[in-house]
Each structure stands twice: as C-alpha cells, then as structure tokens.
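The values are calculated or read from the model by the stated rules, or taken from the named source; none is laboratory data. Predicted model only: the values in this text are computed from it and were never measured. For neighbour counting, all protein chains shown are included, and Cβ atoms are generated from backbone atoms with ideal geometry for every residue, glycine included.
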Amino acid sequence: MPLWSTKPIDVEALALSTHREWAHGQAIVASAPATCPLLGELSDHAGGMVLVALGHQRLAVARSVREDSKIQVRSIQLGGNGETAADNYFQADLQQLRNQQPAGDLDLAQRVGMVVFTMMHRQLISRETPGMDISVISSIPHNAGLGEDEALDIAIALTLVQEPEEHQLGPARTKLAQVCAQAAASISQQAPSRARYTAALRGQGQALNVMDYADGSITQVTHTQDFGYQLLTVCPPQAFPQADQAAMQRFIDDVTTAFAAPSLRLLPNARERVLAWLKAVHQVHPKSQAPTVDQAQRWLRYLEHEIDRTIATTSAIRSRRTADIVPAMNASNQEYVRLLEAPEALEATAQLCLQRGAAAARCSGASVLCLVPDYKADSVAEALSQDGFEVMLIQRGEQASSNSQ
C-alpha cells in the first residue's frame, strides 16, 4: 500500500469551501488534531499519567444554523495524498433524538446530536439550540489509532461554544474536554480516552504532552523528534477488535465508589484491597456481573505497571535520559498483549515492525505506533508499506482551534 503523505492539508479551508457549496448562512469553522498516545492512555480513568503527541493530520468542521431541528452532515474522508476517498451524507433530527436515544453504532449526524445534548445538559449551550448543517473534512485515517472520533467531537463542540477567546483558557478547555469525554461514553461501546480530548484541546504540538490525572495537570517534555526518533503509525489491512476497555472502566468506577476514593491511583494498597473486596462481592452475590478475580487481577497489574512506567519515563526524558522511552514502550506493549488479551495478529504486526527496524512498537487500538530512528524512518516506512500495511509518518501538529467565517 502507498505511504501517506506528510504534506499538511488546510482542512479548515476545504471544510469552508465545501460547506458553501451546499449550505447557507454564516459558518463557524473549527479543527482538531490527530492524537498519538505513547504511554499510559488506558490508565487515565484510574487517575494515571498519559504521554501524548499531537499529529499533523486534522479534522475540520464547518457549521451553520438551520431554522428547523434537522442535523445534516456531509462528511469527506481524504486519502493518503489529499484526494477524496469517501463522500457521504447523514441526517438526523434533534427532536427525535431527544425523545428516543438511538442504540447501537451511531452515524455522524446522530453522534453530533448526542454531543449537542451533552453540552446542553452541562449548560454549555442553550436548550433551544436549533438544527444545523455541518461539513466534515478529515485527513485523519479511519481505524488508525489517531483519535478521529475524538477530533470530531472536539471540533463540533468548539463550533457550538461561540466564545473562542474565553475557551482558549485552561479551565474552560478542561471542562470542554470532560464534556466531550462524557458525550463519547454515551455514544460508543468503546471506552473514551480523556487524555486524547485533553491533549487536543490544551496540548502543545512542539512537545510531548504529559497529562497527570492525579492532580489534573498538563505539562510538556521533549518531543521524540528532538532526540532522534520519528513516530510511525502502521495499520493492518483488516481491522481487529479492541480489548474490552469499557468493562475495565466500569470496574474502576465500581471500585472508586465502593472505597469512596477519588481515583484508583490514590487508593493505598489498591491491588490487595480491591481483590479482597471483589472476592467478597462474588461470595455474597454469586450471580454478580462483576469481573472474575483473575480478570481484575490482570487489569490491576497492568494499570499499576503502566502508571509506574509512564511516571518513570517522563522523569527520564526530563533528565535527558531520552533513550529510556524505547524499552518502556516495548514493555508496555508486552503487558498490553499478555494482560489485556490484544489480538494475536496485531501483536504479530508489532513484531514485524521491530524486525523491519523500528526501535519500539506498541499496539494502540486497532493499529501499531512505532518509534523509529531518524536515519531509518523512510526505509522502515517503505518496507512496511511493501508488506501491505498503511503507513503514516506523524509530524508535529497544533492544538484544536476555531473561528467564524
């Protein structure tokens, strides 16, 4: 398969011009970047630490107001060289969605409606918000582990908030990230990633962003490109089912409620206490829907090790021991595969990436994120492309933004 181009595409201008072809009225345009979690993304729900880079691929939304309650969405997916790979229309009605929440996989118009309702409930927009025409242009590939759904939610939310200067501030964007994650939890059966929303809204493109959910802070460390490594995303020809992360998040919620703890990370002696509690739950309620003790033990071990690994790696990068990120990503991948039961074929893809010259390869969702030395990046990407994979070199991106046209 061909390599994806690293040439930046002005998706905001494309979204605006596309919108003017079929919709009317003043358009508000917003865009959000691709996100690449290097370590810790599954630990954010447990109060962990996450290391995320922003990618140069972006998704842009142009939105104008309608007089009725309909939501009309035109979505254009761009290919590897900026060509139109797909052009689809979707339609929904806010009143119908209000009366009956759709079940199963939602199309884009229904997803937009659920984001709108969540923002209404959190009092970010008026409950009298009318229907809308929306144009979506995305250069973020599908099923590439680059956060396309998160970018869509963020771009939609930014066009709805209409207070761009205020929402450039940290507290306001923190709340917006929380609202988007809440909307995603109600939309998808997959577990939402708070870290992707936080990084896209508050992160910096020239550095790696460190989200510490113990205190809600976001800081930066040196980007991999500044110490000799390129980021490479490798997508297998077929999509693989992801590990059941939503079940793990529900279990974490049950644990923090039972122990009245702000997060799993802040619960002292968490693993021993939680497993003892879970054994008691199964003894008292044999038909409980709680996970097995073995399953919970694997989740807790993974989260504990991943949090410690991310903290240690972040400290190492700050201490200029930047090479420590390589064994950390490989160790994270090994535990992800062993403890969270990732698909064997996806792990085989990660091993092939290492054989082709990547220094580190880590399964992330339905793709593999690789760390490749600068001098080998082009040859490794070419070799993996010839193996039949979709390959993307990830350049630095910029945080989400919006403007009126």
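Computed quantities for the displayed model
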read-out: Among residues of the range 138-157, those that are more than 16 Å from GLN399 (Cα to Cα) and either touching a strand residue (DSSP E or B) at 6+ places or on another chain (Cβ under 6 Å) or at pLDDT 90 or above (or both), counted; value: 2
read-out: Residue that is closer than 25 Å to ARG58 by Cα, of a type in the set (A, V, I, L, M), free of Cβ contacts under 8 Å to residues at least 40 places away in the same chain and surrounded by 14 or more Cβ atoms within 10 Å (Cβ to Cβ), where the choices are ALA261, ALA207, ALA199; value: ALA207
read-out: Matching residues in the range 73-88 - criterion: being closer than 15 Å to ASN143 by Cα and at pLDDT 90 or above; value: GLN77, LEU78
read-out: Breaking point among (1) of a type in the set (Asp, Glu); (2) out of contact with any Ser or Thr (no Cβ under 7 Å at 6 or more places or on another chain); (3) at pLDDT 90 or above, for ASP105; value: (3)
read-out: Residue tally, condition crowded, with 16+ Cβ neighbours inside 10 Å and either charged (D, E, K, R) or in a loop (DSSP other than H, G, I, E, B) (or both), over the range 291-323; value: 5
read-out: Test set (1) modelled with pLDDT under 90; (2) surrounded by fewer than 16 Cβ atoms within 10 Å (Cβ to Cβ); (3) closer than 21 Å to ILE154 by Cα; (4) of a type outside the set (Asp, Glu) - VAL65 fails condition number; value: (1)
read-out: Which numbered condition ARG362 fails, given (1) touching a residue at least 60 places away in the same chain (Cβ under 8 Å); (2) assigned to a helix (DSSP H, G or I); (3) surrounded by 16 or more Cβ atoms within 10 Å (Cβ to Cβ); value: (2)
read-out: All positions within the range 360-405 that are basic (Lys, Arg) and either under 19 Å from the mean Cα position of the chain (by Cα) or modelled with pLDDT under 90 (or both); value: ARG362, ARG396
read-out: Hits in the range 1-41 - residues which are β-branched (Val, Ile, Thr) and in contact with a helix residue (DSSP H, G or I) (Cβ under 9 Å, 6 or more places away or on another chain); value: ILE28, VAL29, THR35
read-out: Among the residues listed as THR224, THR257, THR233, THR219, the single one being touching a Ser or Thr at 6+ places or on another chain (Cβ under 7 Å) and either under 28 Å from ILE325 (Cβ atoms) or β-branched (Val, Ile, Thr) (or both); value: THR233
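Okay, residues lined up against (1) at pLDDT 90 or above; (2) touching a Leu at 6+ places or on another chain (Cβ under 9 Å); (3) within 22 Å of PRO141 (Cβ to Cβ):
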residue	(1), (2), (3)
GLN162	no, no, no
PRO171	no, no, no
CYS180	yes, yes, yes
LEU201	yes, yes, yes
CYS235	no, no, yes
PHE240	no, yes, yes
ILE252	yes, yes, no
